[in-house]
Structure formats: C-alpha cells, structure tokens
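Visitor: The structure follows.
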Amino acid sequence: MRLRRKAISAELVRESKDNPGYYRYNIVIQELDGSEKVVPSYGKDMQDAISRLVWTERSGSKLISIAIVFIISTPLLTFTMLSAVKDDPIWLLFGLGSSILLGFLLQSVDRYISKK
C-alpha cells in the first residue's frame, strides 16, 4: 500500500478581498508522518480550491524536475562545445563526469530534504 498525503478537512474562511467571487479556504493536509498542516487556498467553491491546491503541488514538482535537467545538462553542453572548439575529446569526459557528479549530488540533496 502506498502512503499519500491527504486532505482531511477544509473550511471556508472568508470571501477574497482582492478577487470578487473567490473565497479563501483553509485545507488541513495530513503528511506522510501523520502530522497535519493548514494550507490556505482560494477558489470559487471548495472543489475549485482543492483542485487548485493539487495543481500547485504537482506543477511545483514538475518545475523542480525541469530545473534538475537544466542543471545537469548545462556542464555537458558547455564541455561539448569546448571540445569542439579546442578539437580535443578529453573535454567530453569532463562534461560527462561533471554531469554525473551533479546528478548524484542533486539526488543526495533531494533525498535529504524529502527524508526518504
């Protein structure tokens, strides 16, 4: 069985001050370790607020994945161009090695942050 974060409850707080027609909801999220946190979300109704919160959570992880790919590919492309300019294939090894090293480093940091 896969454990997931889940919304336990949601309550209407007030009407949005800046956007008429939208309401602020406080949604209680149960984390994987059993702790609970209150997350504010805005929407036209409760279902809209929860779907916006889910979309925000999912798009945040996609942006992190895109950033990781960009960070890993930058040294590889840089050293590839340097290899073409210098006409020396050893720069390709430096690019590949630094990309692999960055990948392991980012994976270690991600594991430490998410406590997997």
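Visitor: How big is the charge dipole of the chain about its Cα centre, in debye rounded to the nearest 20, if each Lys and Arg gets +1 on its Cβ and each Asp and Glu gets -1 on its Cβ?
Guide: Result for the chain is approximately 300 debye, rounded to the nearest 20.
Visitor: For a quick check: with amide H placed at 1.01 Å from N, whose amide H comes under 5 Å from Lys44's, ignoring anything fewer than 5 positions away on the same chain?
Guide: Close amide H contacts, sequence-distant or interchain: Tyr23, Ala49.
Visitor: Over the chain, how many pairs of lysines fall under 25 Å by alpha carbon, counting only those 8 or more apart in sequence or from different chains?
Guide: So the count works out to 12.
Visitor: Would you mind counting up the charge near Tyr23? Only other residues with Cβ under 15 Å from its Cβ, with Lys and Arg at +1 and Asp and Glu at -1.
Guide: 0
Visitor: To continue, here is another question. Can you give the Kirkwood hydrodynamic radius for the chain, in Å, rounded to one decimal and based on Cα pairs?
Guide: Kirkwood hydrodynamic radius for the chain: 17.7 Å.
Visitor: Among Leu96, Met46, Thr56, whose Cα lies farthest out toward the positive end of the dipole of the stretch 6-114, if unit charges sit on the beta carbon of Lys, Arg (+1) and Asp, Glu (-1)?
Guide: My answer, from the dipole projection, is Met46.
Visitor: Same structure, new question: Using the beta-carbon distance between Gln47 and Ala67 and R0 = 22 Å, what value does 1/(1 + (r/R0)^6) give for FRET efficiency, to the nearest 0.05?
Guide: 0.10
Visitor: Could I ask something else about it? What nm distance separates the two modelled labels at Ala84 and Asn26, each placed 7 Å from Cα along Cα→Cβ?
Guide: With each label placed 7 Å out from Cα toward Cβ, I get 5.7 nm.
Visitor: So if each residue of separation counts as 0.36 nm, and I subtract the Cα-Cα distance between Glu57 and Lys6, what length gain in nm does that give?
Guide: Difference between extended and current length: 17.1 nm.
Visitor: Per residue of the chain, what 222 nm ellipticity follows from adding -39500 (n - 2.57) for every DSSP H run with n ≥ 4, rounded to the nearest 500?
Guide: Estimated from H runs of four or more residues: -20500 deg cm²/dmol.
Each value in this text was obtained by applying a stated rule to the coordinates, not by laboratory testing. Bear in mind the structure is a predicted one, so any value in this text is a computation, not a measurement. For neighbour counting, all protein chains shown are included, and Cβ atoms are generated from backbone atoms with ideal geometry for every residue, glycine included.
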